[in-house]
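The structure under discussion appears below in the form of structure tokens.
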Amino acid sequence: MNARKIRKKNIDNDSRQSAAEGRVLEDLFYDMYRHRARVYRVNFFRGLCFGLGSVLGGTVVLAIVAWVLSWLIGIPGLGRFISEIIDQLNVK
């Protein structure tokens with residue numbers, strides 16, 4: 001009998017704690033995002049920076065790959081294959 005009361009009391013405490021945490025999170029959310037235009041503007045610029053960084057990063061990685069592959073042209077058997085890869089990278 002005591003175990004049931006203890007279990008029920010723990011469930012009640014957990015549900016009260018969850019409700020309180022939910023209210024705190026809701027207050028934080030509405031406090032931080034009160035101005036929707038500001039949120040949209042910040043997210044727009046974040047997206048622009050992410051896109052620009054992705055393009056620049058991809059360009060740098062491809063340049064490094066082409067540079068490393070240019071060293072490997074002299075290897076017998078792989079030289080022709082690598083030179084074809086470099087030619088394809090230079091075409092595009």
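Details
- The length gained on full extension between W67 and D87, counted as 0.36 nm times the residue separation minus their Cα-Cα distance, comes to 6.0 nm.
- Using a simple spin-label model with pseudo-atoms 7 Å out from Cα toward Cβ, H35 and R16 lie 3.9 nm apart.
Computed from the coordinates by the stated procedures, all read-outs in this text should not be read as laboratory data. Just so we're clear, the structure is a prediction, and the values are computed from it rather than from any experiment. Reconstructed Cβ throughout: ideal geometry from the backbone, glycine too, with neighbour counts over all protein chains shown.
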